[in-house]
Amino acid sequence: MYYNGIYHEFYQYNPNGSVWGNIVWGHSVSTDLINWIPLEAAIERDTPSDINGCWTGSATILPGNRLVIIYTGADPEKRQVQNIVVPKNLSDPYLREWTKAGNNPVIQPVGPGLNSGQFRDPTTGWIGPDGLWRIAVGAELNGDSAALLYKSKDFLNWTRVDHPLYSSNSSSMWECPDFFAVLPGNSGGLDLSAAIPNAAKHVLKMSLDSCDKYMIGVYDLKSDTFIPDTVLDDRRLWSRIDYGNFYASKSFFDSKKGRRIIWGWTNETDSSSDDVAKGWAGIHAIPRTIWLDSHGKQLLQWPVEEVESLRGNEINHQGLELKKGGLFEIKGADSFQADVEIDFELTSIDKADPFDPSWLLDVEKHCREAGASVNGGIGPFGLVVLASDNMEEHTAVHFRVYKSEQKYMILMCSDLRRSVCMVLALMYYLSLKMSEN
């Protein structure tokens, strides 16, 4: 969240070691999203309603600049319940201390069909046309996945609405739901607590299948439900926030710059013993600005502009012509921490291979089969990073162009099969310019 000139990041944290367990809320603060100061834990597991863990939640800024966090706790029976904390001292700009509400848990997993062990991760609140606050909670409802809807007048006393915000029988549980408004073609963000323009769409994002997926649709104020523009029965075809290692993302409205920012968690391939040896586990992806494309069909993302403050030692090449099998070495760059912008201009796209829609069911599988060493009609072309002098070790980030019935499709893959190093801090800003010359 952004509050009184400070960005706050809260995250699940084990203060006792670099393995999962003993989860509390870690807390770091920043003025620029780049340089962070770690603070003491914001929420400890020290009450019956969170004694077995302080799990995911969200912050909401109420009228009068009042601040509240609602989060999931695990009680002594391992039920998942929702709790409230508020800042103890608003004169502290870092908000180091938090006070738990006396009526915690404010929401319990009661009601027919509700699984008490699959009931977590409340969203940021928003105000409905009746003036009441609303949140959604990820849940398993009668064996289906659901974003349950709750209402409150004061953010402390909550009532479950008799229908979910949205549900689906294609899976059994959604983690870390997120619900926010976007304007097609407008990179500015919208504050859900303010008036939403009539032309706005809404996004329902959920975490499942080890990735983050989303639907775009409308929020019907009369029925108090989310209605997707498109409903796909096979969840493998749902749109994804990121096709890489990216999970449990949350977004917030940044009132400082009028944008919506999304963050996600990236885990490593290290073993638990490696994590213990190095003393940490888990990284947070660089925050991204997120918005809706002009067609209203796809979310677009870009690293926050503040990341450009880290740039230095620019290396610039123009007008390079690459033939099939050619390589051009970029000297003087630190490939462990490089910010790369590349425009590829293709002289022709006539030879693009036909696109098979079944590939969308498992894009990672197709990337493995169409590896960097497999020639296609157009591609692979792209980058080779973290390469040894003899190229025995390297990571390939490559592209292919396909022709579908009505448009061209671009596949982006990373091939790690010849890499002993994993890319931890490498960003690619790439665009493909296709022209017929």
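Brief remarks on what is shown
- W98 buried (at least 17 other Cβ atoms within 10 Å of the Cβ), among the hydrophobic types (A, V, I, L, M, F, W, C), more than 18 Å from V81 (Cα to Cα) and in contact with a Phe, Trp or Tyr (Cβ under 7 Å, 6 or more places away or on another chain): no
- Test result for V110, open to solvent by 10 Å² or more (accessible area, probe 1.4 Å) and either outside any loop (DSSP other than H, G, I, E, B) or in contact with a strand residue (DSSP E or B) (Cβ under 9 Å, 6 or more places away or on another chain) (or both): yes
- Selection status of G296, closer than 30 Å to I196 by Cα, out of contact with any Gly (no Cβ under 7 Å at 6 or more places or on another chain), in contact (Cβ under 8 Å) with a residue 40 or more places away in the chain and part of a strand (DSSP E or B): no
- Residue, farthest from I34 (Cα to Cα), within segment 228-254, restricted to residues that are open to solvent by 70 Å² or more (accessible area, probe 1.4 Å) and of a type in the set (S, T, N, Q): T230
- Among residues of segment 331-352 that are touching a residue at least 40 places away in the same chain (Cβ under 8 Å) and more than 16 Å from G319 (Cα to Cα), those with a beta-carbon under 7 Å from a residue that is open to solvent by 100 Å² or more (accessible area, probe 1.4 Å) and charged (D, E, K, R) at least six positions away or on a different chain give the pairs D339/R311; S348/E436.
- Qualifying positions in segment 126-140 - modelled with pLDDT of 95 or more and either on the phi > 0 side of the Ramachandran plot or open to solvent by 30 Å² or more (accessible area, probe 1.4 Å) (or both): L132, E140
- Boolean, Y13 is closer than 29 Å to S271 by Cβ, surrounded by 15 or more Cβ atoms within 10 Å (Cβ to Cβ) and not β-branched (V, I, T): yes
- For segment 183-203, a tally of residues being open to solvent by less than 10 Å² (accessible area, probe 1.4 Å) and either more than 24 Å from A139 (Cα to Cα) or touching a Pro at 6+ places or on another chain (Cβ under 7 Å) (or both) returns 0.
- If you go through segment 36-56 and keep only what is in contact with a Ser or Thr (Cβ under 9 Å, 6 or more places away or on another chain), open to solvent by 10 Å² or more (accessible area, probe 1.4 Å) and not hydroxyl-bearing (S, T, Y), you end up with W36, I37, P38, L39, W55.
- Residues in segment 16-35 that are open to solvent by 30 Å² or more (accessible area, probe 1.4 Å) and assigned to a strand (DSSP E or B): there are none.
- Residue list for segment 263-293, restricted to those being in a loop (DSSP other than H, G, I, E, B), polar (S, T, N, Q) and either open to solvent by 60 Å² or more (accessible area, probe 1.4 Å) or within 25 Å of V203 (Cα to Cα) (or both): N267, T269
- When the test is whether a residue is open to solvent by less than 50 Å² (accessible area, probe 1.4 Å), in contact with a Phe, Trp or Tyr (Cβ under 6 Å, 6 or more places away or on another chain), part of a strand (DSSP E or B) and in the same structural domain as W126 (by the TED database), Y214 does not pass it.
- Filter result for T123 (buried (at least 22 other Cβ atoms within 10 Å of the Cβ) and in a strand (DSSP E or B)): no
- On inspection, A59 does not qualify as in contact with a Cys (Cβ under 9 Å, 6 or more places away or on another chain), of a type in the set (G, A, S) and either over 22 Å from N157 (Cα atoms) or open to solvent by 10 Å² or more (accessible area, probe 1.4 Å) (or both).
- Residue match in segment 66-87 (condition: within 20 Å of the chain's Cα centre (by Cα) and open to solvent by 20 Å² or more (accessible area, probe 1.4 Å)): no
- Top-ranked residue in segment 299-339 [being of a type in the set (S, T, N, Q) and assigned to a loop (DSSP other than H, G, I, E, B); ranked as surrounded by the most Cβ atoms within 10 Å (Cβ to Cβ)]: S335
The values are calculated or read from the model by the stated rules, or taken from the named source; none is laboratory data. All figures in this text were calculated on a predicted structure; none of them were measured in a lab. In this analysis, Cβ positions are derived from the backbone assuming ideal geometry, glycine residues included, and neighbour counts consider all displayed protein chains. The protein model used for the area step is the full one, side chains on, heavy atoms only, and it has no ligands, DNA or RNA in it. Shrake-Rupley method; radii C 1.70, N 1.55, O 1.52, S 1.80 Å.
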